[in-house]
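Colleague: This is the structure I want to talk about, given as structure tokens.
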Amino acid sequence: MENSNENIKFGICPECKIREDDSSEKKLYQCSYCKGWFCEKHVEPKLVITWSAIERTRNPFLKEKLYEEWRKEGHHPCSVWTMQYFESFEIKEKEEREKFLKALDKIEEINLYDKSSEVPKRKISFKDIAIILMLILLIYFIAVRNITISIFILLFLALIIVIFR
């Protein structure tokens, strides 16, 4: 913690007095948040929160952060820092939520683009298979120069198209 000479004085640390029954005079530093005076061990702030409040927290990420704060050694409970901590957490959570929603919107736009560019898939019918087979036969018989069978296949193809229309 950054302190100048005006933020240092000698006295009894209230945290040492309460928690350790230590009434000795020490060098005290001013908390930059609540402006209270604490020894070097207790000058850093921590959350003002009860164990039961942590237990009731539904957000698992926040709950873990609160447990970390609860376990901190030293420090002093600071209501000003606690308010700033939760305001900061709320702002960060809101920013993360907005980023997540923007990412979802981009994914949705990409999916809409992909769907609009797709050619609708058609189920292959019996008629399609018959036409493909006849075309293959037609090509074969044209290649071997059998005109009679080629004409017969063309007529058969025309008949299939008319029947299965």
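Colleague: Determine whether LYS106 is at pLDDT 75 or above and assigned to a helix (DSSP H, G or I).
Modeller: On the way: at pLDDT 75 or above: yes; assigned to a helix (DSSP H, G or I): yes.
So LYS106 passes the test.
Colleague: For segment 44-61, name all the residues that are assigned to a loop (DSSP other than H, G, I, E, B) and closer than 17 Å to TRP81 by Cα.
Modeller: Quick first cut of segment 44-61, residues assigned to a loop (DSSP other than H, G, I, E, B) only: 44, 47-50, 56-59.
Correct list: GLU44, LEU47, VAL48, ILE49, THR50.
One line per residue, one yes/no per condition, for (1) of a type in the set (Lys, Arg); (2) modelled with pLDDT of 85 or more:
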position	(1), (2)
LYS102	yes, yes
LYS123	yes, no
LYS127	yes, no
PHE156	no, no
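Colleague: Here's something else I'd like to know. Would you point out which residue out of GLU73, GLU93, GLU87, GLU68 is among the acidic types (Asp, Glu) and not in a helix (DSSP H, G or I)? Before you say what the answer is, go through the steps one by one.
Modeller: Working: GLU93 fails: not in a helix (DSSP H, G or I); GLU87 fails: not in a helix (DSSP H, G or I); GLU68 fails: not in a helix (DSSP H, G or I).
Every option except GLU73 fails the conditions.
Colleague: Using beta carbons and a limit of 9 Å, which pairs, at least six apart or on different chains, have the first residue in segment 54-75 and on the phi < 0 side of the Ramachandran plot and the second one acidic (Asp, Glu) and not in a helix (DSSP H, G or I)?
Modeller: From residues that are on the phi < 0 side of the Ramachandran plot, the pairs are LYS72/GLU44.
Colleague: Right, next: When CYS34 is evaluated against the numbered criteria (1) exposed (fewer than 15 other Cβ atoms within 10 Å of the Cβ); (2) touching a residue at least 40 places away in the same chain (Cβ under 8 Å), which criterion, by number, is the only one it fails?
Modeller: (1)
Colleague: Which one of LYS9, LYS41 is modelled with pLDDT of 90 or more, of a type in the set (Lys, Arg), assigned to a loop (DSSP other than H, G, I, E, B) and surrounded by fewer than 17 Cβ atoms within 10 Å (Cβ to Cβ)?
Modeller: On the way: LYS9 fails: assigned to a loop (DSSP other than H, G, I, E, B).
Being modelled with pLDDT of 90 or more, of a type in the set (Lys, Arg), assigned to a loop (DSSP other than H, G, I, E, B) and surrounded by fewer than 17 Cβ atoms within 10 Å (Cβ to Cβ) holds for just one of LYS9, LYS41, which is LYS41.
Colleague: Sticking with this one: Looking at (1) out of contact with any strand residue (DSSP E or B) (no Cβ under 9 Å at 6 or more places or on another chain); (2) surrounded by 11 or more Cβ atoms within 10 Å (Cβ to Cβ), which is the one condition that is false for CYS16?
Modeller: (1)
Colleague: Looking at segment 64-99, which of the residues that are within 12 Å of GLU44 (Cα to Cα) and of a type in the set (D, E, K, R) is surrounded by the fewest Cβ atoms within 10 Å (Cβ to Cβ)?
Modeller: Of everything passing the filter in segment 64-99, GLU73 is surrounded by the fewest Cβ atoms within 10 Å (Cβ to Cβ).
Colleague: Name the residue, out of LYS46, LYS94, LYS35, that is more than 36 Å from the chain's Cα centre (by Cα) and not β-branched (Val, Ile, Thr). If you could, list the steps in order and put the result at the bottom.
Modeller: Working: LYS46 fails: more than 36 Å from the chain's Cα centre (by Cα); LYS94 fails: more than 36 Å from the chain's Cα centre (by Cα).
One residue alone meets the criteria, LYS35.
Colleague: Can you say whether LYS46 is at negative phi, in contact with a Pro (Cβ under 7 Å, 6 or more places away or on another chain) and basic (Lys, Arg), as far as the supplied structure shows? So that I can check it myself, show each step before the final result.
Modeller: Details: at negative phi: yes; in contact with a Pro (Cβ under 7 Å, 6 or more places away or on another chain): yes; basic (Lys, Arg): yes.
Considered against the rule, which asks whether it is at negative phi, in contact with a Pro (Cβ under 7 Å, 6 or more places away or on another chain) and basic (Lys, Arg), LYS46 comes out as yes.
The values are calculated or read from the model by the stated rules, or taken from the named source; none is laboratory data. All values derive from a computational prediction rather than experimental measurement. Backbone-built Cβ (ideal geometry, glycine too); neighbour counts: all protein chains shown.
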